[in-house]
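Quick notes on the structure that follows.
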Amino acid sequence: MASASRFSEEEFQEACSELQNLQVSGWEMPVVTSVVKVYQRQMNKPIGLHEYKVSGIVRSPPDLLADVYMDLDYRKQWDQYVQELREIKVDGEEAVYWQMKYPFPMSNRDCVYVRQRRELNFEERKVHVILAQSISVPWFSEKSSMIRVKEYKQSLAIQSYGPWRSEVFMYYFNNPGDQIPFWILNNFTKSEIPAFLRDLENACLKYHRA
């Protein structure tokens with residue numbers, strides 16, 4: 001979806017490598033369920049925010065899981081935090097405009113990002129990789145009712161894990177700007193990541209009926 005210059009070959013290979021051998025030395029593991037593990041590490045800048053790595057199993061074939069993740073119109077049906085989600089043109093390439101609902105009394109956020117999906121043969125395994133990253137779009141005016149997210153990054157790598165299941169690696173970082181004490185944001189994020197994967201799994205199970 002994004003131009004090849006937006007994401008390097010090394011970034012795609014790194015996501016594949018993490019899927020096979022998760023690198024979490026120095027990371028904390030605050031959330032563990034029967035099917036997902038969430039790791040976190042505090043960022044140096046801005047101090048107090050965390051970045052996350054996620055390892056888990058989702059009940060869906062890899063192709064279907066990647067299709068559902070990329071389907072913006074369908075995501076508006078199953079993701080409770082989506083206010084608005086649509087494609088826009090930025091300098092001749094496709095980008096995504098995303099409005100996020102935040103719990104009261106926090107202001108909603110919005111973000112413009114690019115993404116790219118590829119299928120790779122990594123160590124003789126088929127891996128779907130989706131990379132996303134926020135971009136600066138000066139002409140796309142910020143709305144007074146919400147705060148623009150200027151730092152957002154996500155990596156998703158998916159491979160088969162037996163019949164009708166996928167093994168998933170996800171990296172996630174989001175700096176939502178001011179107003180939110182970091183301890184509140186971090187607690188919210190680490191609990192919502194497993195919930196997001198559950199919602200994504202349910203969305204895959206219902207996708208053929210959508």
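The values are calculated or read from the model by the stated rules, or taken from the named source; none is laboratory data. Just so we're clear, the structure is a prediction, and the values are computed from it rather than from any experiment. As a convention, Cβ positions derive from the backbone with ideal geometry for all residues, glycine included, and neighbour counts pool all protein chains shown. Please note that ligands, DNA and RNA were not included when accessible areas were found on the heavy atoms of the full protein model with its side chains. Shrake-Rupley method; radii C 1.70, N 1.55, O 1.52, S 1.80 Å.
Filtering segment 15-42 to residues that are open to solvent by 40 Å² or more (accessible area, probe 1.4 Å), in a loop (DSSP other than H, G, I, E, B) and either farther than 26 Å from E119 by Cβ or of a type in the set (D, E) (or both) leaves S25, G26, T33, S34.
Of W164, W98, which residue is part of a loop (DSSP other than H, G, I, E, B) and either within 16 Å of E11 (Cβ to Cβ) or open to solvent by 20 Å² or more (accessible area, probe 1.4 Å) (or both)? Give the derivation first.
On the way: W98 fails: part of a loop (DSSP other than H, G, I, E, B).
Matching residue, one of W164, W98: W164.
Any residue at all in segment 121-128 that's open to solvent by 70 Å² or more (accessible area, probe 1.4 Å) and within 16 Å of F7 (Cα to Cα)?
Residues of segment 121-128 that are open to solvent by 70 Å² or more (accessible area, probe 1.4 Å), as a first pass: 121, 123-126.
After this cut, where a residue has to be within 16 Å of F7 (Cα to Cα) as well, the list is none.
Scanning segment 121-128, I find no residue that is open to solvent by 70 Å² or more (accessible area, probe 1.4 Å) and within 16 Å of F7 (Cα to Cα), so the answer is no.
Report yes if L205 is outside any strand (DSSP E or B), among the hydrophobic types (A, V, I, L, M, F, W, C) and on the phi < 0 side of the Ramachandran plot, otherwise no. Considered against the rule, which asks whether it is outside any strand (DSSP E or B), among the hydrophobic types (A, V, I, L, M, F, W, C) and on the phi < 0 side of the Ramachandran plot, L205 comes out as yes. Put simply, of L65, L85 the only residue that is touching a residue at least 12 places away in the same chain (Cβ under 8 Å), touching a Leu at 6+ places or on another chain (Cβ under 8 Å), in a helix (DSSP H, G or I) and open to solvent by less than 20 Å² (accessible area, probe 1.4 Å) is L65. Of all the criteria given as (1) out of contact with any Asp or Glu (no Cβ under 8 Å at 6 or more places or on another chain); (2) over 24 Å from E18 (Cβ atoms), the one not satisfied by R148 is (1).
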